[in-house]
Amino acid sequence: MARNLGDLWYDVTPERSRVHSFHFRFMEQQDGTIHIEILSQPPYPSGRATDGHATHRYGLGTSGYPFICYDPMPTNVGQAKSIAAGWASRTVFYQRKGYWAN
């Protein structure tokens, strides 16, 4: 059974434009890794691929939400927060530009 380690709201404001808000939940798995569930995020624009590969998301997690695809999966909340923030920033970049920033 997964254990809830808390939530994070994270805002991305590229080039001082509008705010893009994300809401994440950190779920510790039985093996000690943490799934970063995506509870809410800005929608993808029309014409952008939304599949898991293009958006770096796995299917539904234990709570029914997609979670961030990352390897290796984090093992503490500090790592999870950093990964969530990076994923949110890259997601906004992808939504705006059409490709994933490294």
| task | Determine, yes or no, whether R48 is open to solvent by 20 Å² or more (accessible area, probe 1.4 Å), touching a helix residue (DSSP H, G or I) at 6+ places or on another chain (Cβ under 9 Å), modelled with pLDDT under 95 and not acidic (D, E). | result | yes
| Which of the residues belonging to the stretch 34-43 are closer than 17 Å to Y10 by Cα and open to solvent by less than 70 Å² (accessible area, probe 1.4 Å)? | H35, I36, E37, I38, L39, S40, Q41, P42
| All positions within the stretch 66-102 that are outside any helix (DSSP H, G or I) and either among the hydrophobic types (A, V, I, L, M, F, W, C) or surrounded by 15 or more Cβ atoms within 10 Å (Cβ to Cβ) (or both) | P66, F67, I68, C69, Y70, M73, P74, W100, A101
| note | Taking the stretch 1-40 and keeping residues aliphatic (A, V, I, L, M) and assigned to a loop (DSSP other than H, G, I, E, B) leaves M1, A2, V19
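The values are calculated or read from the model by the stated rules, or taken from the named source; none is laboratory data. The model shown is predicted, which means the values in this text are computed figures rather than measured ones. Every residue, glycine as well, gets a Cβ built from its backbone with ideal geometry; the counts of neighbours run over all protein chains shown. Accessible surface areas use protein heavy atoms only, side chains included; no ligands, DNA or RNA. Shrake-Rupley method; radii C 1.70, N 1.55, O 1.52, S 1.80 Å.
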